[in-house]
Amino acid sequence: MVNHPSYSTTFVYGNILIEPDGAGNSQIIHYGGDSGTTSEYRKSTLYLYNNTIISSRSGNTTLVRLSTNDESAQVFNNILYNTANGNNFAMIDENGILSLFNNWMPTNWRDCHCTTNGTVTDLGNNIEGTDPQFTNFATQDFTLQPSSAVIDNGTTLLPAVLPENDLLQQYVIHQNFESKPNESTLDMGAFEYCGINGCNIVFVNGFE
């Protein structure tokens, strides 16, 4: 597996990721490796885009642990929401190179809950706030209210993720999916808002 051409690059998109309070590990994602044999770590790029990522931890949360400074992450078009104070939410855990753009993020987020050896770069067009305006957080309906600031504030997908990892489907509760609406401008997060006039739908396998 280590020698497979696709081993070094990873695409994570369209997910609802929930970090509950009391979970033993405060890092939502770990990318690279954990065997201690760093020569076998992935040593390339994690593309993390159009996910809705929730932490209900009362303490600190870290978005991603990058194992070494040879691992990097391109983080864009996500909603990164925590129920604690914004300064409880950090992007990396000590190592790695992470770039952020076109995300919704908690106000007062931090690079790291540590003295970091890595780098976090804000490339712009991120929105900071306290409420991304989900339809109903209590029932885990993370679709968007019409007034949400994330609507139409995503960016076009990077050439590196296309065409194999395009956004063709979106999640339906529970453990199901539907064709993702094809709007002219992407929203941040895992769900595309359609508005009162409905959406243009791209059917993955012809008409449904």
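The values are calculated or read from the model by the stated rules, or taken from the named source; none is laboratory data. Treat the numbers as computed from the prediction; the structure is a model and nothing was measured. In this analysis, Cβ positions are derived from the backbone assuming ideal geometry, glycine residues included, and neighbour counts consider all displayed protein chains.
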Qualifying residue in segment 167-177 (condition: modelled with pLDDT under 95 and among the aliphatic types (A, V, I, L, M)): yes
Subset tally (residues that are surrounded by 14 or more Cβ atoms within 10 Å (Cβ to Cβ) and either modelled with pLDDT of 85 or more or in contact with a Ser or Thr (Cβ under 7 Å, 6 or more places away or on another chain) (or both)) for segment 1-33: 20
Residues being small (Gly, Ala, Ser) and over 28 Å from Glu192 (Cβ atoms) - total across segment 91-137: 2
Wholly enclosed strands (runs of 3 or more DSSP E) of segment 42-114 bearing at least 2 residues of a type outside the set (Lys, Arg), buried (at least 19 other Cβ atoms within 10 Å of the Cβ) and at pLDDT below 95: none
Count of segment 34-53 residues which are on the phi < 0 side of the Ramachandran plot and in contact with a Ser or Thr (Cβ under 8 Å, 6 or more places away or on another chain): 8
